[in-house]
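In what follows, a structure is listed as structure tokens, so that the remarks can point back to it.
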2 protein chains.
Amino acid sequence: MENMKRTATCGSLRASDDGKSIILNGWVHRNRDHGGIHFINMRDRYGETQIVVDEDAPAELSELAGSLKFEYCIAIEGIVRKRPDTMVNPDMPTGEIEVSVKKIEILNTCLTLPFMIEDETDSNETARLKYRYLDLRSGGMQSRIILRNKVTWAIRDYLQKDDFLEIETPTLIKSTPEGARDFLVPSRLHAGKFFALPQSPQLYKQLLMVSGFDKYFQVARCYRDEDARGDRQLEFTQIDMEMSFVSKDDIFAVTEGMMSHVFKESLGVDLPATFERIAYDDAMNLYGSDKPDLRFGLAFQDFASFVPGSDFSVFKSVLESKGTIKALVVPGAAADYSRKKISDLEETAKTYGAKGLAWMKVTADGLDGGISKFFAEQAKAITDGLNANEGDLILIMAADWKTACTSLGAVRSRLGKDLKLIDESQYKFVWIIDFPLFEYNEEEKSWEPAHHMFSMPQQRFIETMESDPGAVKGDLYDLVLNGYELASGSIRVHDPELQQRIFNIVGFPREIAEERFGFLLESFRYGAPPHGGIAAGVDRLVMIMAGKSSIKEVIPFPKNSAGMSPMDDSPARVEGDQLQDLHLQVVMPPEEK
Amino acid sequence: MENMKRTATCGSLRASDDGKSIILNGWVHRNRDHGGIHFINMRDRYGETQIVVDEDAPAELSELAGSLKFEYCIAIEGIVRKRPDTMVNPDMPTGEIEVSVKKIEILNTCLTLPFMIEDETDSNETARLKYRYLDLRSGGMQSRIILRNKVTWAIRDYLQKDDFLEIETPTLIKSTPEGARDFLVPSRLHAGKFFALPQSPQLYKQLLMVSGFDKYFQVARCYRDEDARGDRQLEFTQIDMEMSFVSKDDIFAVTEGMMSHVFKESLGVDLPATFERIAYDDAMNLYGSDKPDLRFGLAFQDFASFVPGSDFSVFKSVLESKGTIKALVVPGAAADYSRKKISDLEETAKTYGAKGLAWMKVTADGLDGGISKFFAEQAKAITDGLNANEGDLILIMAADWKTACTSLGAVRSRLGKDLKLIDESQYKFVWIIDFPLFEYNEEEKSWEPAHHMFSMPQQRFIETMESDPGAVKGDLYDLVLNGYELASGSIRVHDPELQQRIFNIVGFPREIAEERFGFLLESFRYGAPPHGGIAAGVDRLVMIMAGKSSIKEVIPFPKNSAGMSPMDDSPARVEGDQLQDLHLQVVMPPEEK
């Protein structure tokens, strides 16, 4: 490399460099022969530059230029020159110039590519993952990996300047089975014993608060041995934070400031100084989701008040069994929504447990179609009450509260997409607060933590926590962005007795709690401070910022949806003596024996 | 926390705050009752402040103050006041003021401590690790964790501004057994298959170069399943870098700039603009180590030239068998070094394989003691040649080259400590360059990579690599600080055929190489650029900067020397169904059955 080391990058040259002698290192992105003139687009991480081997170049140089195939890695020496006015390419930062080539050195050749290196590829995922090192050369992947670096850098920059300490927590820890499955790591030195990989640094960041580090953060690798479904990865990255002597307002302020800094620095986007807050109950009642996409409206309205005046027995019986009846007014959708299309919406609702989806259309004369005949007398009261106008479609859902909310929420989400109500350029953050602390598991007939076991119940519920767990709201909060849960956190319990009461409710009697979390409970007895925190998914954040719908698009080397890597073929069988050293034997499941 | 949230920290108040009403949150560090006045040292991460409950305070407040035990977590409200001149404590940043307390709230009590929270504790390691959350409250651990944060922040700051991208590489990868043992992670979804935790991001950072990211870094967690010996940890952190289109000078320049920035920002220490470079052969010949501590001299000199003129048969036979004879002149040590003390030095040499350690003392009349009688006639030639003066001790080692160097090197290290030649305030960096690419393993009768298999042989050795592997110098380099190997790196091979030739020499025929590193070799065939890199141990760097001799002192939650965590008792047995899910069965070794 000594003699042909670059003196400029493929993104740096401008008209002001006219006449300069330069060396570029990079890849052959395109190579066209126009009547003996070779136009080569040379590419590196910083951009593209057109290099030209002129017609009157030495035959040897022309021949060499002609031999350059896609993705050869080359070094060139040449003179920068302005392009003729008619040839200037305003879409290319280096489009004012080209480089007249005097010397070419091939640093490495390239086999025939499995797919073209384009900005965005449409080749299949397996090929992209097998040749990830080539896929990462595409303009899209390059820009997303660079964006990811900008985002984590902006996060660190903001938090460091706010006196947060980035502290590394261990990743070979004790298995505390709860929530998702732990990945286990067999110990060679201690036969029959295992470490686990952390699902999050939760326990350790709380211990750091006990240690007095009062403002902690970490860009932390976390692990969940989950089944392959949806857009999940076995390992993922979260920005993990914890603070002492704070209330949730302090945590919100830091998070809002950090997100504003990240969006400004990485995308040039200004976020509002504070984000909206919606109580969990309200989010469910209005949008049927604890992660509502607020880039569009379509909020639910109560419909129950219209039912007593009608003789529609289905709704009446729902009310009698303490159910919920909600209406969703879709402006101007009456004409476009045929029975068929409404029936499609109903299918969506049914996948969330609804038995059906009722509807009516608003006409000049009142209500029409669907269940309108049962409400003919109240037509004006309903359209006035729901603020519905001629041409609107009214969808009505009756079911138990949770089913009514979530199934109508699914319908709302679908309408948002189908009706193109979503402005893709918007970033709508919202805090969801006042979550329930416990959820009842109908199958297990037991209470479970809605978030995790270390969250603080709100003061007014503490006394009656055991007698009515379902009513307890916690100091828990989620940060939602464009319908995605982006971050989640809580004020933690720091009193060992209160912590044990919570363990008791979720079925962790003292001996099991001590066995699993003894060191945390013990630490609370040594002057643990009040504390709380939050953790945000880095993969998801960058995915949303990049306008993508899969986190694989923003992870350099992801696993495929089966949890495997087609590039290195991992996981893989290992040599027998490796297992022997670990005191392990594989027991294959019957069908694979 | 709402009403008693801090408005200042325990490190922030100064004389200029006199008269201010403030709230502090923190821990009771000391509590003294001086004739009814309670002087409490309150501590947080930022410092200590003396708070005072005056004699005339309400009885209830005095009583509460008297009840505060070590490490109670408290909130106090009070008025800042200047201390009387005679009470000012110049050693304490807040020593000009105290806070007159109006209100105390106990946020959490504290059990009797297992050890006192002092700046440095002398309690035993097991207690410190079991109660690590308390150990981390000590002034020493607090300052070291804060230093560690400063160091990694300064590293990132420097590299980001130099256009490096921090890119995350996967930690669930394929096991490629070589070097240290891999930790394995059993796959639940793929029965009988395993991931490995990375020993370093080596393969992935090379792939990122193939992808065109040209300047990569990562503060990366790495794993080695090594036996418990010395100051090792199962998981450790390295600052990992890789660059394309560079020679080693470029990598040295970035590393030197980064280290200078880190030392300036974290310790206020100025490092030289460039670091000394010593070839591996010279380092061995002069200091008997490839990681010499250059904070003191005691360089070796050749002694072989004096042997032919003597009749000392031991040395003669060493020379006949192509051995090496080296002298180490210890200025002024003749008087102090008795036979007993020299014999102790000899023991040190013997642990490195030497058969003995010869010596002579320089007197006014010539040479005396030890083997001097064999060299009586050459006394003046020797003292002149070695530049030895009256009162100096001359130590002489004769053995094969490597044994002579390393055993005399061990003697030199010991002398450096015993004679207190080391200025502990110094930071002496040195690059060791021109390492051999291959080492011969006498036991296995085979060639092994001296560093790793991906390093580039220097150009002049490539042709004859197979015929004389031992002569091949590689573009390998170590950065040494104060006798510790701090960083290690190389220019890599980027030519798949050259890479295969190296694999062949170290006994990895094509099929095994393809099986293990096929994806890397394959990637080289798609226009891989010339590249190289370096990786530095973060734990060790911070340890040296903190003036400590164990990396446990700079890791928040380390394992003990048996590779266990006394705090959470990991590794631990896991529940049977966890193993069943992983298709595994434990096979206990016989003695533990």
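The values are calculated or read from the model by the stated rules, or taken from the named source; none is laboratory data. Predicted model, so just to flag it, every value in this text is computed and none were measured. Quick reminder, even Gly has a Cβ in these numbers, built from the backbone with ideal geometry, and neighbours come from all protein chains shown. Side chains included, ligands, DNA and RNA excluded: accessible areas come from the protein's heavy atoms. Shrake-Rupley method; radii C 1.70, N 1.55, O 1.52, S 1.80 Å.
Could you check, for the range A:101-114, whether at least one of its residues is open to solvent by less than 10 Å² (accessible area, probe 1.4 Å), assigned by TED's automatic domain parsing to the domain that holds residue A:54 and touching a residue at least 40 places away in the same chain (Cβ under 8 Å)?
Residues of the range A:101-114 that are open to solvent by less than 10 Å² (accessible area, probe 1.4 Å), as a first pass: A:101.
Keeping just the survivors that are assigned by TED's automatic domain parsing to the domain that holds residue A:54 gives A:101.
Remaining after also requiring touching a residue at least 40 places away in the same chain (Cβ under 8 Å): A:101.
Yes, the conditions are met somewhere in the range A:101-114.
What pairs come out if I take residues in the range B:248-275 that are β-branched (Val, Ile, Thr) and pair them with residues that are modelled with pLDDT of 95 or more and open to solvent by 40 Å² or more (accessible area, probe 1.4 Å) whose C-beta lies under 7 Å away, six or more apart or interchain?
B:254/B:162; B:269/B:427
Taking the condition open to solvent by 40 Å² or more (accessible area, probe 1.4 Å) and either away from chain B (no Cβ under 12 Å) or closer than 30 Å to residue B:587 by Cα (or both), does residue A:565 pass? Give the derivation first.
Working: open to solvent by 40 Å² or more (accessible area, probe 1.4 Å): no; either away from chain B (no Cβ under 12 Å) or closer than 30 Å to residue B:587 by Cα (or both): yes.
Here the answer is no, as residue A:565 does not meet what is asked.
Go through the range B:181-207 and count every residue that is more than 7 Å from chain A (Cβ to nearest Cβ) and outside any loop (DSSP other than H, G, I, E, B).
Residues flagged as more than 7 Å from chain A (Cβ to nearest Cβ) and outside any loop (DSSP other than H, G, I, E, B) within the range B:181-207 amount to 5.
Being surrounded by 19 or more Cβ atoms within 10 Å (Cβ to Cβ) and part of a helix (DSSP H, G or I) is the filter here; which residues of the range A:315-341 pass it?
Going residue by residue through the range A:315-341, those that are surrounded by 19 or more Cβ atoms within 10 Å (Cβ to Cβ) are A:315, A:318, A:324-330, A:333-334, A:337.
A:315, A:318, listed by residue number.
Determine which member of the set B:501, B:510, B:540 is away from every other protein chain (no Cβ under 14 Å), within 30 Å of residue B:210 (Cβ to Cβ) and within 18 Å of the chain's Cα centre (by Cα).
Working: B:501 fails: within 18 Å of the chain's Cα centre (by Cα); B:510 fails: within 18 Å of the chain's Cα centre (by Cα).
After applying the criteria, what remains is B:540.
Just checking, does the range B:174-187 include any residue being among the aromatic types (Phe, Trp, Tyr), more than 20 Å from residue A:577 (Cα to Cα), buried (at least 23 other Cβ atoms within 10 Å of the Cβ) and modelled with pLDDT of 95 or more?
Checking the range B:174-187: not a single residue is among the aromatic types (Phe, Trp, Tyr), more than 20 Å from residue A:577 (Cα to Cα), buried (at least 23 other Cβ atoms within 10 Å of the Cβ) and modelled with pLDDT of 95 or more.
Residues checked against (1) surrounded by fewer than 18 Cβ atoms within 10 Å (Cβ to Cβ); (2) at pLDDT 95 or above:
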site: B:361; (1), (2): no, yes
site: B:369; (1), (2): yes, no
site: B:391; (1), (2): yes, yes
site: B:406; (1), (2): no, yes
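Does the range A:208-226 hold any residues that are at the interface with chain B (Cβ under 7 Å from one of its Cβ atoms) and open to solvent by 10 Å² or more (accessible area, probe 1.4 Å), and which are they?
A:221
Within the range A:68-87, which residues are at pLDDT 95 or above, more than 14 Å from every other protein chain (Cβ to nearest Cβ) and surrounded by fewer than 16 Cβ atoms within 10 Å (Cβ to Cβ)?
A:79
Among the residues of the range B:361-378, write down those that are of a type outside the set (D, E, K, R) and closer than 23 Å to residue B:320 by Cα. Even if it seems obvious, please write down each step before you answer.
First pass over the range B:361-378, keeping only residues of a type outside the set (D, E, K, R): B:362-364, B:366-367, B:369-372, B:374-376, B:378.
Listed by number, the residues that qualify are B:370, B:371, B:372, B:374, B:375, B:376, B:378.
Return yes when residue B:170 is more than 9 Å from chain A (Cβ to nearest Cβ), under 21 Å from residue B:236 (Cβ atoms) and modelled with pLDDT of 95 or more and no when it is not.
On the way: more than 9 Å from chain A (Cβ to nearest Cβ): no; under 21 Å from residue B:236 (Cβ atoms): yes; modelled with pLDDT of 95 or more: yes.
No, not satisfied.
Condition check: within 14 Å of chain B (Cβ to nearest Cβ), under 30 Å from residue A:2 (Cβ atoms) and open to solvent by less than 60 Å² (accessible area, probe 1.4 Å). Does residue A:54 satisfy that?
Values: within 14 Å of chain B (Cβ to nearest Cβ): no; under 30 Å from residue A:2 (Cβ atoms): yes; open to solvent by less than 60 Å² (accessible area, probe 1.4 Å): yes.
Spelling it out, it is not the case that residue A:54 is within 14 Å of chain B (Cβ to nearest Cβ), under 30 Å from residue A:2 (Cβ atoms) and open to solvent by less than 60 Å² (accessible area, probe 1.4 Å).
Suppose we filter the range B:544-565 for residues that are in contact with a strand residue (DSSP E or B) (Cβ under 9 Å, 6 or more places away or on another chain) and over 17 Å from residue B:480 (Cα atoms); how many remain?
Of the residues in the range B:544-565, the ones in contact with a strand residue (DSSP E or B) (Cβ under 9 Å, 6 or more places away or on another chain) are B:544, B:551, B:555, B:557-559, B:564-565.
Checking the rest, the ones that are also over 17 Å from residue B:480 (Cα atoms) come to B:555, B:557-559, B:564-565.
Of the residues in that region, 6 qualify.
Going through the range B:408-438 one residue at a time, which ones are closer than 24 Å to residue B:267 by Cα and open to solvent by less than 40 Å² (accessible area, probe 1.4 Å)?
B:422, B:429, B:430, B:431
Consider only pairs whose beta carbons are under 9 Å apart and that are at least six residues apart or on different chains; among these, list those whose first residue lies in the range A:26-41 and is in the same structural domain as residue A:67 (by TED's automatic domain parsing) and of a type in the set (Asp, Glu) and whose second residue is open to solvent by 20 Å² or more (accessible area, probe 1.4 Å) and part of a strand (DSSP E or B).
From residues that are in the same structural domain as residue A:67 (by TED's automatic domain parsing) and of a type in the set (Asp, Glu), the pairs are A:33/A:39.
Check off (1) closer than 24 Å to residue A:172 by Cβ; (2) under 33 Å from the mean Cα position of the chain (by Cα); (3) among the charged types (D, E, K, R) for residue B:516 and give me the number that stays unchecked.
Exception for residue B:516: condition (1).
Quick check: is even one residue across the range A:224-236 over 30 Å from residue B:8 (Cβ atoms) and assigned to a strand (DSSP E or B)?
As a first pass, look at the range A:224-236 and keep what is over 30 Å from residue B:8 (Cβ atoms): A:224-236.
Among the residues that remain, those that are also assigned to a strand (DSSP E or B) are: A:235-236.
Yes, because at least one residue in the range A:224-236 is over 30 Å from residue B:8 (Cβ atoms) and assigned to a strand (DSSP E or B).
Please determine whether any residue of the range B:409-416 is without any contact (Cβ under 8 Å) to a residue 60 or more places away in the chain and out of contact with any strand residue (DSSP E or B) (no Cβ under 6 Å at 6 or more places or on another chain). Steps first, answer last, please.
Within the range B:409-416, the subset without any contact (Cβ under 8 Å) to a residue 60 or more places away in the chain is none.
Within the range B:409-416 (the criterion being without any contact (Cβ under 8 Å) to a residue 60 or more places away in the chain and out of contact with any strand residue (DSSP E or B) (no Cβ under 6 Å at 6 or more places or on another chain)), the answer is no, since none of the residues qualifies.
Condition test on residue A:577, is it touching a Phe, Trp or Tyr at 6+ places or on another chain (Cβ under 6 Å) and more than 7 Å from chain B (Cβ to nearest Cβ)? Don't jump to the end; show me each part of the working.
On the way: touching a Phe, Trp or Tyr at 6+ places or on another chain (Cβ under 6 Å): no; more than 7 Å from chain B (Cβ to nearest Cβ): yes.
When the stated conditions are applied, residue A:577 does not pass them.
Considering only residues of the range A:1-35 that are polar (S, T, N, Q) and surrounded by 18 or more Cβ atoms within 10 Å (Cβ to Cβ), which is farthest from residue A:55 (Cα to Cα)?
Start the filter on the range A:1-35 by keeping residues that are polar (S, T, N, Q), which leaves A:3, A:7, A:9, A:12, A:16, A:21, A:25, A:31.
Those still in the list that are surrounded by 18 or more Cβ atoms within 10 Å (Cβ to Cβ) too: A:9, A:25, A:31.
Details: A:9: 25, A:25: 23, A:31: 15 Å.
Per the stated criteria, the residue is A:9.
For residues that are within 23 Å of the chain's Cα centre (by Cα), within 7 Å of chain A (Cβ to nearest Cβ) and open to solvent by less than 40 Å² (accessible area, probe 1.4 Å), tally how many sit in the range B:152-167. Before you say what the answer is, go through the steps one by one.
Looking only at the range B:152-167, we keep the residues that are within 23 Å of the chain's Cα centre (by Cα), and these are B:152-159, B:166.
Then drop every residue that is not within 7 Å of chain A (Cβ to nearest Cβ), which leaves B:152-153, B:156, B:166.
Those still in the list that are open to solvent by less than 40 Å² (accessible area, probe 1.4 Å) too: B:152, B:156, B:166.
Of the residues in that region, 3 qualify.
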